[in-house]
Amino acid sequence: MAFLRSWQCYLVLGIVAVVVSGLFDHDVLTPDEPRVMAVIKSMFLSGNLVIPEFAGIPFVEKPPLFFAYAVGLMHLTGLDALMAGRLGLAILCLLTLLATFRFACLLQGRRFGWASVAVLATLEGFLVNFHWLRVDAALAMTSMGAIWAFGEAYLRGRYRWLLVAGVFTGLAFLSKGPVAIVLCIAPIWLLLFMRHLYLLKANLLKTTFERRSAWGRILVWHLVGMALMALVMAAWIYPFYLKASPELWHAWFWDNQVGRLTGASTDTLGHNHDGEPFYYASGVIEYTLPWSGFLIAWLAVTFRELVTLRGRIRWQTALMLGWLVLTMLVLGISVTKRTMYMAPLMPMFALMIADAALRFQGRIATWYRRGWALAMGVSLAVFAVTPLWAQYFPKEASSELMQWLTSWHITAPVIGLALTLMVCVEITRWPGWVKFALITMLFFCSGLNHLMPAVDVAKDMRRELHALAVQIPEAQRTRTASVGFTETMSSIFYLYSDWTVPGVDSARARRILLGQDEEYDYLLLDRYNSTKDPLTWLDLPADTPYRVLAVGHPRSNKKNDAVYWLTAAP
């Protein structure tokens with residue numbers, strides 16, 4: 001009963017609530033979720049767990065662990081691809097929090113563990129990426145699982161945990177490839193390993209077992225752990241090597257793994273930020289909201305201690321600082337840069353912020369918390385009364401979104417309840433960091449539950465796509481090709497119309513419009529973010545004859561987008 005009245009109980013309830021809030025009440029969100037869901041659906045129907053594909057298009061940008069995991073949940077639960085994927089996200093999120101808690105306890109005890117998961121569960125970057133159907137959730141969980149296991153091995157001398165670490169490292173590889181090891185696991189492993197070797201060499205480890213550990217014994221455990229890692233990786237690499245064409249193998253390894261790091265493939269894959277070493281500075285601040293102030297304070301105090309104490313700082317502080325420097329160095333060197341690449345690094349930032357939150361609890365921290373609480377409360381109040389100010393919303397908004405904004409919703413009173421609970425939390429005698437975490441959880445829970453339906457309306461593609469698809473008879477679909485289709489558009493047609501539309505290049509598109517193609521008579525053209533006419537969009541001669549049979553606007557939030565169904569002029 002004492003636990004039910006404690007702040008730990010409310011943190012657990014808040015964590016579970018914030019994980020599931022706004023997760024299951026909306027359709028796929030562009031741009032990534034349609035492709036991920038299409039891969040899961042295709043893998044479920046085909047049974048092919050080796051080469052992911054969507055709408056008949058191989059997708060080898062990432063290994064198939066997350067997709068196969070979601071397929072397994074579909075078989076176990078009977079859910080469809082979308083709900084199984086979202087359930088998978090929730091499970092991975094909770095497991096990541098658990099692994100972070102255990103690793104934090106190893107570093108500085110249970111109170112630090114509680115503070116770390118409280119911070120992690122309320123970081124903007126953590127919540128965004130665990131509410132978005134992407135493989136980064138599997139990467140974050142497997143990476144943190146490996147780090148926890150390495151912590152058990154090196155901080156407690158339990159070398160059998162190296163076997164667990166090897167398995168998790170292999171699974172991290174199967175989540176996103178070599179980058180998972182290079183970016184997420186290798187930096188902290190190196191620091192933990194070097195510290196352990198130093199303590200062994202200096203005979204500073206405490207337990208009899210650790211003092212008697214022979215170097216040969218340690219080597220054997222490491223070799224067995226590496227063998228397990230290699231076996232897990234080979235469980236996919238070898239079948240993929242046998243089944244995939246040389247082009248697919250090149251696309252996976254050289255383009256998406258090596259090429260993204262060196263910049264060799266950024267011309268085709270995008271996200272080229274060569275010469276921008278500080279690209280992630282603003283992303284770190286964004287992803288660590290609303291705790292960014294604590295992170296900045298931790299960095300400032302740590303660097304001051306390095307100078308004034310001449311480098312004699314706590315080993316935990318040195319470990320976290322080294323982890324940060326190494327990972328940001330890898331991110332800075334890579335030519336391909338996206339803020340979402342920091343998603344699996346959120347536990348690292350949470351540890352630093354938790355350390356600061358436990359150390360800095362004075363007046364400044366109190367007013368920082370109250371300032372954010374006020375900002376979050378005002379924001380929630382504004383969200384709840386959208387019908388009062390919806391007329392000032394940008395005119396580009398769709399009619400469906402405006403209808404949602406001008407209507408009152410049952411979640412508005414829930415926001416009122418959340419605001420009341422925020423005040424109740426603030427007047428408790430709980431530690432300041434507990435109050436901050438719970439207030440932020442209330443903000444995210446009520447905000448996500450209220451706003452996700454609006455985001456769903458704004459990004460909906462199902463209704464408009466159906467309106468276009470019903471205009472294309474089944475008999476003509478087999479004679480229809482696509483040109484300019486993005487991965488999202490190909491996935492949407494596959495998901496909502498069960499139609500795998502084959503793609504052609506501009507030259508063949510011209511032959512189709514001239515009636516000179518033996519296989520296709522019709523053309524679906526995706527004009528993305530433009531107002532150009534179809535011929536100009538395709539860079540085809542202006543005298544190319546064509547006829548528009550139907551026009552759709554599946555991306556309801558982008559008025560310049562259009563999908564044309566074309567054929568040759570009579």
Determine if segment 361-382 includes at least one residue that is more than 29 Å from TRP298 (Cα to Cα), hydroxyl-bearing (Ser, Thr, Tyr) and in contact (Cβ under 8 Å) with a residue 60 or more places away in the chain. no
Got a sec? Which helices (runs of 4 or more DSSP H) wholly within segment 454-570 have at least 3 residues that are open to solvent by less than 30 Å² (accessible area, probe 1.4 Å)? 462-469, 487-497, 506-513, 534-538
Report every pair of residues separated by at least 6 positions or lying on different chains whose Cβ atoms are under 6 Å apart, first residue within segment 133-155 and under 21 Å from ARG35 (Cα atoms), second open to solvent by less than 10 Å² (accessible area, probe 1.4 Å) and not hydrophobic (A, V, I, L, M, F, W, C). LEU133/GLU33; LEU133/GLY85; VAL135/SER175; ASP136/ASN129; ALA138/SER175; LEU139/SER175; ALA140/THR96
Taking interchain pairs and intrachain pairs at least six residues apart, which have beta carbon atoms under 9 angstrom, with the first residue in segment 64-90 and closer than 18 Å to VAL50 by Cβ and the second of a type in the set (Asp, Glu)? PHE66/ASP136; MET74/ASP80
Limited to segment 30-52, what total is found for residues that are crowded, with 19+ Cβ neighbours inside 10 Å and among the acidic types (Asp, Glu)? 1
Which one of these is of a type in the set (Gly, Ala, Ser), in a helix (DSSP H, G or I) and open to solvent by 30 Å² or more (accessible area, probe 1.4 Å): ALA68, ALA99, ALA90? ALA68
Flag for LEU451 being modelled with pLDDT of 90 or more and under 21 Å from LEU133 (Cβ atoms): yes
Here the residues within segment 48-98 that are at pLDDT below 90 and over 17 Å from LEU174 (Cα atoms) are PHE54, ALA55, GLY56, ILE57
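The rows are residues; the columns are (1) aliphatic (A, V, I, L, M); (2) at pLDDT below 90.
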residue: LEU514; (1), (2): yes, yes
residue: ASP517; (1), (2): no, yes
residue: TYR528; (1), (2): no, yes
residue: ASP539; (1), (2): no, yes
residue: ALA542; (1), (2): yes, yes
residue: GLY552; (1), (2): no, yes
residue: TRP565; (1), (2): no, no
residue: ALA568; (1), (2): yes, yes
Can you tell me which residue in segment 285-343 is farthest from the chain's Cα centre (by Cα), limited to those that are open to solvent by 60 Å² or more (accessible area, probe 1.4 Å) and under 23 Å from LEU106 (Cα atoms)? ARG312
How about segment 429-446: which of its residues are outside any helix (DSSP H, G or I) and open to solvent by less than 30 Å² (accessible area, probe 1.4 Å)? PRO431
In segment 161-169, is there at least one residue being surrounded by fewer than 24 Cβ atoms within 10 Å (Cβ to Cβ), out of contact with any strand residue (DSSP E or B) (no Cβ under 8 Å at 6 or more places or on another chain) and of a type in the set (Val, Ile, Thr)? yes
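The values are calculated or read from the model by the stated rules, or taken from the named source; none is laboratory data. Please read these numbers as outputs of a predicted model, since none were measured by experiment. For neighbour counting, all protein chains shown are included, and Cβ atoms are generated from backbone atoms with ideal geometry for every residue, glycine included. When the accessible area is computed, the model is the full protein with side chains, heavy atoms only, and any ligands, DNA or RNA have been set aside. Shrake-Rupley method; radii C 1.70, N 1.55, O 1.52, S 1.80 Å.
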